[in-house]
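Peer 1: Can you keep this structure in mind? I'll have questions shortly.
The values are calculated or read from the model by the stated rules, or taken from the named source; none is laboratory data. A quick note: this is a predicted structure, and the numbers were derived from the prediction, not measured. No Cβ is skipped: glycine too gets one built from the backbone with ideal geometry, and neighbour counts run over all protein chains shown. Keep in mind that these areas ignore ligands, DNA and RNA; they rest on the heavy atoms of the full protein, side chains included. Shrake-Rupley method; radii C 1.70, N 1.55, O 1.52, S 1.80 Å.
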Amino acid sequence: MPLSKACVIAMFIGAGWAGKAAATTVQFFGWGGSPQVNQYLQWVSEQTQARYDIKVNHVKLADTSDAVTRVLGEKAAGNSSRGSIDLLWINGENFAAMKQHNLLLSDWAEQLPNFALTRPDENPSMRMDFGIATDGQEAPWGKAALVFYFNQRLVSEPPASLAELLEFARQNPGRFTYPLPDDFLGISFLKYAALSLNAANRQLLYAPVTDPALATITGPLFTYLDKLHPLLWQQGEFFVRQASMLQQLFSDNEILLAFSFTAAEIPAAVSRFDLPQATRTYAMHDGSLSNVHFVAIPFNSARTDAAKTVANFLLSPEAQAYKQRVSVWGDETVLSMEALSKEQQQQFQTQSHPAALAPGAYQQLLAEPHASWAPALRDAWYARYGARL
Amino acid sequence: MGFSTVLTLARYLFYLILLVPIAVGVIGVILPAAGYFPALGQHGWSSEPFARLLAHPDISKMAGLSLFTSLLATLIAFIGTVAVLAQFYQCKALARIQHGLSPVLAIPHAAAAIAVAFLLAPSGWAARFTATFTHTVLPDAHSLMYDDYGLAIVLALAIKELPFMLLMALGVLSQPNVKQRLEGQMRVAQTLGYCHQTSFLKIVFAQLYPQVRLPVLAVLAYASASVEIPLILGPQNPPTLAVAIVQWFNHTDLSMRFQASAAAIVQMLVTLAAVVVWLLGEKIWQQGFRWQLVSGNRMWGKAGSTWLARLLLGCLVTATLLIMLSMISYSFAGFWPYPNLVPTQLTLLHWQDALQALGKPIGNTLMLGFVSTCIAVLLVLLFLESEQQSNRTGPSATLADKLLFIPLMVPGVAFLYGLVWVGQWLFAEAIWLPVILSHLVYVIPYVFLSLAVAYRQLDIRYVHVATSLGKSPRQVFFRLKLPMLFAPVMVALALGAAISFGQYLPTLLVSGGRLATVTTEAVAIASGASRRLTAVYALMQMLLPLLGFLLAWWLPTMLFNPAKQAKPSGSRNRTC
């Protein structure tokens, strides 16, 4: 065991003892709009209290940017050690803003003992948030990835790659579609296609967009879409406006293949009768576009050690397995199954739903391209395929 | 304050509410269209918004689609109305048709669009029904919706318009003096050997048309700028102009508002063009018809109108039944794989979910409907009373009748955005007041149309008797007229509430999305994941107005003795 790791563990034990002396409360600021998430954090608080004598108080935000504003205000007021926020649930945009203004504690996330379980060298998305390096300022918490689903009764072998998807569309014309790029899921499909079709130039997508880079990337993308569109639902003349419409079309068997960014919503929809019982979820072999959501510690937190302990617990196999249960939250784990022992892996397999994604189904995770690519791809798409209104 | 002062005030208020919001709204659209919009840093005037709009590659297609769908739908509904009347005028069946169609009138446009989508969807009930014979496993890949010519829009608009036109026409035909005269003329024509349908077309229709022209034009104007139906059923590349305007106004790029404002002006021109085309068609028809009037052909139009009336009524009834059946089935459906005609299991889950989520929207809907309808009915009653007292049955009365159609003729998309802009500037924080005002603009005309006939028909001799017994005009109004008009007032209340329930664009825009009603929620959920939940929402949308009408029919029979039942009079020429 490297010395540094031993030190960190010793530090955590020390923090635990210190906590016993005076029960610590970690102020966890995060979006509070989901009952499942709120209940999960309640469970986390019970666990950390029992283990480390640390309470987790979930301050429920309507908008995470409120917390960003608060930290900024504290910094402006000269409060650099008694901040009100100890742990903050953020992603993408807010992280970029906070990093830019040096509002976050640095170089702590990678020192968490459980961070290694994410196998960050194989999963670069654990260190990148919308194309921006996390620099140890954020610890991964959960992830969402593009999953596809099909009806087992009607499709025996779903396409496993973008190339096979085109073949699938040829054999089943009119049975696949994707939402307009205004929609989050629509632009996500374009990003996945851009990444998958430009394997050699992938690094371009992780830097801010430039005109030549856009031309390079959209070349193969549009060649592919030109072939795909006539084979789409309504011959590509009509695209659904909202991602949710995909589910409805799939439910009516109008399309035979659909996709989603929240794997957990598929078994939930089956239980609500909105998807057929024979629905099965899987991940593409040529990669699944994924984005990870993170927890960060503001630079002025008064209880950084306790916050790190909680962040490490959030990354523990037990907490991650509980979170991934469909009945709890259904949020995908950030841990790599290969890094876990057999018993730990089994924790992730409890209570599976036939329509849910099998654990470890992701073959390869594709990190989100740099934030500037989404508007560029969207505009290029509309310019080529017409302004859909 | 004397009763006559109240009446005068009411008359001014009536005109104010009817005209000011529209005038203000149109100005609020003209300014940005001319390049003036201080909030976006544009203080000058420029023709750029129009230049940008006209440079749009699809602008003529959009305008053309709006023209085509509205004209075709109105024509179908109009021909259907005339055919049904020609076939069933003076028949008992007409009363049944009238009662059957009244609920369709109360269905909001958004619900009608959702309902038609249920029918036309490749996996809809109609397709399932045919699939039981063809044994197909998968629904057809080609949808009947979203077609480039907007035929699905035409169908939905025609279904909504036919009952409205028919009821307007029946309203005219039931006026006692008109009814008596026409029945006499019909008898003469039939004595001369003209068959029933031909007598209707040559005598009644020619006198009826000038009286229903305005409602027909209002229907046409509405159709040319309708948003909900093309949004749910129409094509998107390009859509109708009205849909494009809404999308541009809601675009995240705020500079699109200039183009949207310019497009709103063009929308007014498109609506005008539709009206002009209709009036031209009218002139052409008149030429042919005038010759037919004196041709002496006793069977003219008989076969056509019989055939058309049966076909259109048959289609309408079948479509309505299928739609209702499929929506009710979906709202209770558990798993329901495609070719199955009925769900494999039933559940109350969707109703429970919807009713939980709809608590607040239902409250908002009822509140808006109640307040705006009460204001509207009160204003209209006072207005009609002031009209009767000043004995104005001449030019002023017809002026009011014509002004009423302004809110129905000016496209909502053309003035609502301007109204929102001015509204935010006048009362920035208020939500309810501006929304109620915007509802009143639409509720007042319908309430007026529904009340005016009954009010003007009230036998004036009752008033003379009461006055001669020493009753003041106020006493006559409250103690004589209102009780006698209880039934029509209730119907007007129900109609006004139904109109208010159905308002989508005014509610959404003027409240800035802060006031959720059943209709706004239903349109939002219609684009969502669950067809089952959509069915529940659309059914709720139909149930609320229906309850209002049931109440309006039931209360008068409870509180007052029912008025004498109208008996069908006159007899048909049996030889036809």
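Residues checked against (1) among the polar types (S, T, N, Q); (2) under 16 Å from the mean Cα position of the chain (by Cα):
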{"position": "A:263", "(1), (2)": "no, yes"}
{"position": "A:267", "(1), (2)": "no, no"}
{"position": "A:290", "(1), (2)": "yes, yes"}
{"position": "A:300", "(1), (2)": "yes, no"}
{"position": "A:307", "(1), (2)": "no, no"}
{"position": "A:310", "(1), (2)": "no, no"}
{"position": "A:314", "(1), (2)": "no, yes"}
{"position": "A:317", "(1), (2)": "no, no"}
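Peer 1: Please indicate, with yes or no, whether at least one residue in segment B:486-509 is in contact with a helix residue (DSSP H, G or I) (Cβ under 6 Å, 6 or more places away or on another chain) and part of a loop (DSSP other than H, G, I, E, B).
Peer 2: Within segment B:486-509, one or more residues are in contact with a helix residue (DSSP H, G or I) (Cβ under 6 Å, 6 or more places away or on another chain) and part of a loop (DSSP other than H, G, I, E, B).
Peer 1: Restricting the search to segment B:112-156, which residues are at negative phi, open to solvent by 30 Å² or more (accessible area, probe 1.4 Å) and more than 10 Å from every other protein chain (Cβ to nearest Cβ)? First the steps, then the outcome.
Peer 2: At the first step, the residues of segment B:112-156 found to be at negative phi are B:112-134, B:136-145, B:147-149, B:151-156.
Still in the running and open to solvent by 30 Å² or more (accessible area, probe 1.4 Å): B:125-126, B:129-130, B:132-134, B:136-138, B:140, B:142, B:144, B:147-149, B:151, B:155.
Matches in segment B:112-156: B:125, B:126, B:129, B:130, B:132, B:133, B:134, B:136, B:144, B:149, B:151, B:155.
Peer 1: Would you say residue B:247 is within 14 Å of chain A (Cβ to nearest Cβ) and without any contact (Cβ under 8 Å) to a residue 60 or more places away in the chain?
Peer 2: Working: within 14 Å of chain A (Cβ to nearest Cβ): yes; without any contact (Cβ under 8 Å) to a residue 60 or more places away in the chain: yes.
When the stated conditions are applied, residue B:247 passes them.
Peer 1: So which residues in segment B:36-82 are closer than 13 Å to residue B:258 by Cα and among the small types (Gly, Ala, Ser)? Full working, then the answer.
Peer 2: Of segment B:36-82, the ones closer than 13 Å to residue B:258 by Cα are B:36-54.
Answer for segment B:36-82, where residues must be closer than 13 Å to residue B:258 by Cα and among the small types (Gly, Ala, Ser): B:39, B:41, B:44, B:46, B:47, B:51.
Peer 1: Looking at segment A:235-244, is at least one residue surrounded by fewer than 17 Cβ atoms within 10 Å (Cβ to Cβ) and out of contact with any Pro (no Cβ under 6 Å at 6 or more places or on another chain)? Step through it out loud before you land on a result.
Peer 2: If we filter segment A:235-244 for residues that are surrounded by fewer than 17 Cβ atoms within 10 Å (Cβ to Cβ), which is where we start, we get A:235.
Of the ones still in play, those that are also out of contact with any Pro (no Cβ under 6 Å at 6 or more places or on another chain) are A:235.
So far as segment A:235-244 goes, yes, one or more of its residues are surrounded by fewer than 17 Cβ atoms within 10 Å (Cβ to Cβ) and out of contact with any Pro (no Cβ under 6 Å at 6 or more places or on another chain).
Peer 1: Could you tell me which numbered condition residue B:311 fails, if it satisfies all but one of (1) farther than 30 Å from residue B:520 by Cα; (2) surrounded by fewer than 21 Cβ atoms within 10 Å (Cβ to Cβ); (3) modelled with pLDDT under 85?
Peer 2: (3)
Peer 1: So how many residues does segment A:217-234 have that are under 17 Å from residue A:379 (Cα atoms), hydroxyl-bearing (Ser, Thr, Tyr) and open to solvent by less than 60 Å² (accessible area, probe 1.4 Å)?
Peer 2: Of the residues in segment A:217-234, the ones under 17 Å from residue A:379 (Cα atoms) are A:217-223, A:225-226.
Within this subset, residues satisfying the condition of being hydroxyl-bearing (Ser, Thr, Tyr) are A:218, A:223.
So of that shortlist, the ones also open to solvent by less than 60 Å² (accessible area, probe 1.4 Å) come out as A:218.
Number of matching residues: 1.
Peer 1: Residue check: is residue A:255 within 14 Å of another protein chain (Cβ to nearest Cβ), surrounded by 22 or more Cβ atoms within 10 Å (Cβ to Cβ) and part of a loop (DSSP other than H, G, I, E, B)? Outline the logic, then answer.
Peer 2: Values: within 14 Å of another protein chain (Cβ to nearest Cβ): yes; surrounded by 22 or more Cβ atoms within 10 Å (Cβ to Cβ): yes; part of a loop (DSSP other than H, G, I, E, B): yes.
Yes; evaluated as a whole, the condition is true for this residue.
Peer 1: In addition: Give the residues of segment B:267-294 that are among the polar types (S, T, N, Q), over 30 Å from residue B:242 (Cα atoms) and either surrounded by 11 or more Cβ atoms within 10 Å (Cβ to Cβ) or in contact (Cβ under 8 Å) with a residue 24 or more places away in the chain (or both), sorted by residue number.
Peer 2: If the condition is that a residue be among the polar types (S, T, N, Q), over 30 Å from residue B:242 (Cα atoms) and either surrounded by 11 or more Cβ atoms within 10 Å (Cβ to Cβ) or in contact (Cβ under 8 Å) with a residue 24 or more places away in the chain (or both), then B:286, B:292 are the ones that fit.
Peer 1: Turning to a different aspect of this structure: Just to be sure, is residue B:222 open to solvent by 10 Å² or more (accessible area, probe 1.4 Å), of a type outside the set (Gly, Ala, Ser) and within 15 Å of the chain's Cα centre (by Cα)? It would help to see each step written out before you state the result.
Peer 2: Values: open to solvent by 10 Å² or more (accessible area, probe 1.4 Å): yes; of a type outside the set (Gly, Ala, Ser): yes; within 15 Å of the chain's Cα centre (by Cα): yes.
Yes.
Peer 1: When you go through B:35, B:2, B:25, B:41 one by one, which is the residue that is crowded, with 19+ Cβ neighbours inside 10 Å and at pLDDT below 90? Steps first, please.
Peer 2: Details: B:35 fails: crowded, with 19+ Cβ neighbours inside 10 Å; B:2 fails: crowded, with 19+ Cβ neighbours inside 10 Å; B:41 fails: crowded, with 19+ Cβ neighbours inside 10 Å.
Going through B:35, B:2, B:25, B:41 in turn, the sole match is B:25.
Peer 1: Out of curiosity, is residue A:379 within 29 Å of residue A:133 (Cα to Cα), within 14 Å of chain B (Cβ to nearest Cβ) and open to solvent by 50 Å² or more (accessible area, probe 1.4 Å)?
Peer 2: Numbers: within 29 Å of residue A:133 (Cα to Cα): yes; within 14 Å of chain B (Cβ to nearest Cβ): yes; open to solvent by 50 Å² or more (accessible area, probe 1.4 Å): yes.
So residue A:379 fits the description; yes.
Peer 1: Something else: Determine the pairs where a residue that is on the phi > 0 side of the Ramachandran plot, located within segment B:438-462, has a partner that is in a helix (DSSP H, G or I) and open to solvent by less than 50 Å² (accessible area, probe 1.4 Å) with Cβ atoms under 6 Å apart, the partner being 6 or more residues away or on another chain.
Peer 2: No pair meets every condition.
Peer 1: Tell me, which residue of segment A:167-200 that is surrounded by fewer than 17 Cβ atoms within 10 Å (Cβ to Cβ) and more than 23 Å from the chain's Cα centre (by Cα) is nearest to the other protein chains (Cβ to nearest Cβ)? Reasoning before the result, please.
Peer 2: Quick first cut of segment A:167-200, residues surrounded by fewer than 17 Cβ atoms within 10 Å (Cβ to Cβ) only: A:167, A:170-171, A:173, A:184, A:199-200.
Narrowing further to those that are more than 23 Å from the chain's Cα centre (by Cα): A:167, A:170-171, A:173, A:200.
Details: A:167: 17, A:170: 13, A:171: 13, A:173: 7, A:200: 33 Å.
This residue is A:173.
Peer 1: When segment B:444-495 is examined, which residues are found to be open to solvent by less than 70 Å² (accessible area, probe 1.4 Å), of a type in the set (S, T, N, Q) and modelled with pLDDT of 85 or more?
Peer 2: B:472, B:475
Peer 1: Of the conditions (1) in a helix (DSSP H, G or I); (2) buried (at least 23 other Cβ atoms within 10 Å of the Cβ), residue B:182 clears all except one; give me its number.
Peer 2: Residue B:182 satisfies every listed condition except (2).
Peer 1: Condition (residue is in contact (Cβ under 8 Å) with a residue 12 or more places away in the chain, away from chain B (no Cβ under 14 Å) and in a helix (DSSP H, G or I)) applied to segment A:240-250: is it met by at least one residue?
Peer 2: No - not one qualifying residue is present in segment A:240-250.
Peer 1: Which of the residues belonging to segment B:452-485 are in a helix (DSSP H, G or I) and of a type in the set (D, E, K, R)?
Peer 2: Step one: list which residues in segment B:452-485 are in a helix (DSSP H, G or I), which gives B:452-457, B:460-468, B:473-484.
Within segment B:452-485, B:456, B:461, B:474, B:479, B:481 qualify.
Peer 1: Name the pairs whose Cβ atoms lie under 7 Å apart, with the first residue in segment B:44-65 and away from chain A (no Cβ under 13 Å), the second among the aromatic types (Phe, Trp, Tyr) and part of a loop (DSSP other than H, G, I, E, B), and 6 or more positions between them or separate chains?
Peer 2: Sorted first by the residue in segment B:44-65, then by its partner, the pairs are B:45/B:36.
Peer 1: Within segment B:281-291, does at least one residue satisfy the condition of being at pLDDT 80 or above and under 15 Å from residue B:70 (Cβ atoms)?
Peer 2: At the first step, the residues of segment B:281-291 found to be at pLDDT 80 or above are B:281-287.
Subset that is under 15 Å from residue B:70 (Cβ atoms): B:281.
Checked against the condition, which is being at pLDDT 80 or above and under 15 Å from residue B:70 (Cβ atoms), segment B:281-291 yields at least one hit.
Peer 1: Based on this model, can you work out whether residue A:298 counts as more than 14 Å from chain B (Cβ to nearest Cβ), out of contact with any Lys or Arg (no Cβ under 7 Å at 6 or more places or on another chain) and modelled with pLDDT of 85 or more? Walk me through it before giving the result.
Peer 2: Details: more than 14 Å from chain B (Cβ to nearest Cβ): yes; out of contact with any Lys or Arg (no Cβ under 7 Å at 6 or more places or on another chain): yes; modelled with pLDDT of 85 or more: yes.
Answer is yes for this residue.
Peer 1: Take segment A:278-305 and flag every residue that is open to solvent by 10 Å² or more (accessible area, probe 1.4 Å) and not in a strand (DSSP E or B).
Peer 2: Scanning segment A:278-305 gives A:278, A:285, A:286, A:299, A:302, A:303, A:304, A:305.
Peer 1: I would also like to ask the following. It is to be established whether one or more residues within segment B:134-156 are assigned to a helix (DSSP H, G or I) and modelled with pLDDT under 85. Don't jump to the end; show me each part of the working.
Peer 2: Taking segment B:134-156 first, the residues assigned to a helix (DSSP H, G or I) are B:134, B:151-156.
Filter once more, so that each one left must be modelled with pLDDT under 85: B:134.
Looking through segment B:134-156, at least one residue is assigned to a helix (DSSP H, G or I) and modelled with pLDDT under 85.
Peer 1: If I filter segment B:404-416 for residues that are more than 21 Å from the chain's Cα centre (by Cα) and either within 15 Å of residue B:22 (Cβ to Cβ) or not assigned by the TED database to the domain that holds residue B:365 (or both), do I get at least one hit?
Peer 2: Keep residues of segment B:404-416 that are more than 21 Å from the chain's Cα centre (by Cα), which gives none.
So far as segment B:404-416 goes, no, none of its residues is more than 21 Å from the chain's Cα centre (by Cα) and either within 15 Å of residue B:22 (Cβ to Cβ) or not assigned by the TED database to the domain that holds residue B:365 (or both).
Peer 1: Filter segment A:152-166 down to residues that are open to solvent by less than 10 Å² (accessible area, probe 1.4 Å) and either of a type in the set (Lys, Arg) or outside any loop (DSSP other than H, G, I, E, B) (or both) and give me whichever is nearest to the other protein chains (Cβ to nearest Cβ).
Peer 2: Only one residue tops the list, namely A:165.
Peer 1: Confirm whether residue B:520 is closer than 25 Å to residue B:124 by Cβ, at pLDDT 75 or above and not in a loop (DSSP other than H, G, I, E, B). Lay out the reasoning, then the answer.
Peer 2: On the way: closer than 25 Å to residue B:124 by Cβ: yes; at pLDDT 75 or above: yes; not in a loop (DSSP other than H, G, I, E, B): yes.
The answer is yes for residue B:520.
Peer 1: Say whether the condition of being of a type in the set (Val, Ile, Thr), more than 14 Å from chain B (Cβ to nearest Cβ) and without any contact (Cβ under 8 Å) to a residue 60 or more places away in the chain is met by at least one residue in segment A:223-235. Reasoning before the result, please.
Peer 2: The first filter runs over segment A:223-235 and keeps only residues of a type in the set (Val, Ile, Thr), leaving A:223.
Those left that are additionally more than 14 Å from chain B (Cβ to nearest Cβ): A:223.
Cutting the leftovers down to without any contact (Cβ under 8 Å) to a residue 60 or more places away in the chain gives us A:223.
Checked segment A:223-235: at least one residue is of a type in the set (Val, Ile, Thr), more than 14 Å from chain B (Cβ to nearest Cβ) and without any contact (Cβ under 8 Å) to a residue 60 or more places away in the chain.
Peer 1: Further, regarding this structure: Exactly one of these conditions fails for residue B:342: (1) within 25 Å of residue B:495 (Cα to Cα); (2) outside any helix (DSSP H, G or I). Give me its number.
Peer 2: (1)
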